[in-house]
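Novice: Got a structure here, written out as structure tokens. Questions coming.
We did not get these values from a lab; they are worked out from the coordinates using the rules stated. It should be emphasised that the depicted structure is a prediction, and the values quoted were computed from it without experimental measurement. Positions of Cβ are generated from backbone atoms using ideal geometry, with glycine treated the same way; all protein chains shown enter the neighbour counts.
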Amino acid sequence: MKKIVYTALFLLSSAVPVLASGFRMHEFSATNTGRALAGSGVAGDDYSAIGFNPAGMVLKGTGGQVSGSLVTIRANVRGSVTNGGLHTGKEGNIRLYSFLPSVFSQYALNPDWTIGLGIYTPFGLSTTYNNDWFGHTHALTSKLETIDFAPSVAYKVNKQFSVGGSVLFERLDVRLSNDLPSSIGPFPLGGQAEIHEPRNWEPGYVVGMMYQPLDSTRFGLSYRSKIVHHLKGTTKISDSAGLMGVYYVNGKYVTHAKLTLPESVLFSIHHRINEKFDVSATVERVMWSRFKSLDIYSATFPGGVSVTPEKWRDVWFVSLGGDYHYNEDLTFRIGAAYDESPIKGPKYRTARIPDNDRYWLSAGASYRWNNMTFDLAYTHMFLKKAPTNNYASASMLDASYHMQVNIFALQVQYDF
């Protein structure tokens with residue numbers, strides 16, 4: 001097939017809403033995954049507060065953890081693409097088996113000050129359609145990777161109040177592919193294009209506070225800043241028939257894009273009912289309204305190499321979870337969540353991001369052995385059917401997505 005491949009360019013072009021709204025990710029803690037992220041940052045039973053609310057670092061001493069989440073996605077899409085006539089092809093199937101690692105460590109300088117480092121993925125997806133599906137001009141492969149390096153510090157002001165912050169250094173790496181449309185009206189196109197963008201680094205920050213009015217109750221509030229990525233790549237077009245040198249002319253061209261990852265506000269609460277039971281809750285607001293369009297530009301193509309209206313909206317994530325302490329060493333967890341999609345409707349639901357609202361059910365367990373704690377967790381996401389009526393690549397995609405997502409998480413902690 002003749003393909004257009006966008007390599008390492010714009011972040012928001014991943015294919016399926018794998019984990020959280022749009023392509024927001026929180027799966028860097030098996031402990032929190034077990035209760036559907038309820039109490040994130042203030043539960044105090046692992047070292048992932050660095051990634052949620054750095055003020056919660058004071059709840060643990062010196063130690064660290066390594067986590068890994070296996071994400072499995074199966075999706076089927078049925079429908080058709082109209083491109084100057086009906087384009088036929090097989091049903092679309094999205095397949096993904098992705099492993100997402102994370103590392104957190106911290107050191108208590110004294111009873112009041114704690115420093116730490118987190119390495120984790122706050123945004124990211126990776127999906128692949130079968131090559132002969134009917135919408136191959138809209139999307140084939142979409143891969144997104146962000147990695148945050150987050151040196152952090154927390155200060156315990158007094159027994160009730162703590163503050164913390166992280167400086168973020170975020171790396172972005174993206175690969176996109178789709179076939180060129182066979183024609184725009186009567187004009188033949190075809191050919192192959194490739195855009196390469198070296199890995200991009202941009203700064204950001206997270207600040208947080210935690211208030212503990214009672215020994216059994218903690219509240220936390222944190223803010224993650226937006227991060228703006230300025231991307232510059234090279235487009236290579238080859239094997240293009242074009243039209244008298246007008247469309248997709250063979251050669252190399254400089255392309256650029258600007259990408260803003262949204263800010264978010266996270267509120268969490270954790271309460272110990274008694275020695276056996278804890279309850280937790282989390283509410284997050286993600287400002288996805290910053291994602292108004294997905295555009296790649298080049299001086300050679302005044303209309304843009306790729307221009308896709310998105311017009312996303314701000315969304316809510318809400319979760320509730322509980323812990324049962326069977327004994328001093330063994331703890332069981334359960335949780336549920338509602339995760340709102342930022343996509344307004346079928347017109348803006350693309351083949352690369354066919355997101356929709358979803359519901360979580362999660363379960364997990366921890367076992368402590370000497371200075372080590374082992375965590376296991378499982379989440380199943382129930383996603384609503386996602387219809388799309390989206391115009392892109394000179395064609396209209398009229399289809400419906402049926403998706404299933406499962407997450408399996410494993411974690412090892414060590415307390416010094």
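Novice: Students often check this: by mean Cβ neighbours within 10 Å, which of 73-82, 334-343 ranks highest, and how do the rest follow?
Specialist: Result, highest mean first: 334-343, 73-82.
Novice: If you take the beta carbon distance between M372 and K159 as r and set R0 to 35 Å, what does 1/(1 + (r/R0)^6) give as a FRET efficiency, to the nearest 0.05? Intermediate values should be presented prior to the final figure.
Specialist: Details: r = 29 Å, r/R0 = 0.83.
Using R0 = 35 Å, I get an efficiency of 0.75.
Novice: So if each residue of separation counts as 0.36 nm, and I subtract the Cα-Cα distance between Y338 and N389, what length gain in nm does that give?
Specialist: Working it through step by step, the gained length comes to 15.9 nm.
Novice: Obtain the nm distance between the two label points defined at W113 and D398 by a simple spin-label model: each point lies 7 Å from its Cα along the Cα-to-C-beta direction.
Specialist: For W113 paired with D398, the spin-label model returns 6.6 nm.
Novice: Can you give me the distance in nm between label points at D314 and Y223, each placed 7 Å from the Cα along the Cα-to-Cβ direction?
Specialist: Taking the simple label geometry, D314 and Y223 are separated by 1.2 nm.
Novice: How high is the FRET efficiency between R78 and L361 when r is their beta carbon distance and R₀ equals 22 Å, given to the nearest 0.05?
Specialist: 0.25
Novice: A further question follows. Rounded if a/c is under 1.5, else prolate if a/b is larger than b/c, else oblate: which is the range 114-180, with a ≥ b ≥ c the root eigenvalues of its Cα gyration tensor? Present the calculation step by step, with values, prior to reporting the outcome.
Specialist: On the way: a/c = 5.91, a/b = 3.95, b/c = 1.50.
Because a/c hits 1.5 or more and a/b exceeds b/c, the range 114-180 counts as prolate.
Novice: While we're here: Once you put a point 7 Å from the Cα of D415 and another 7 Å from the Cα of E328, both along the Cβ direction, what distance in nm separates them?
Specialist: 1.1
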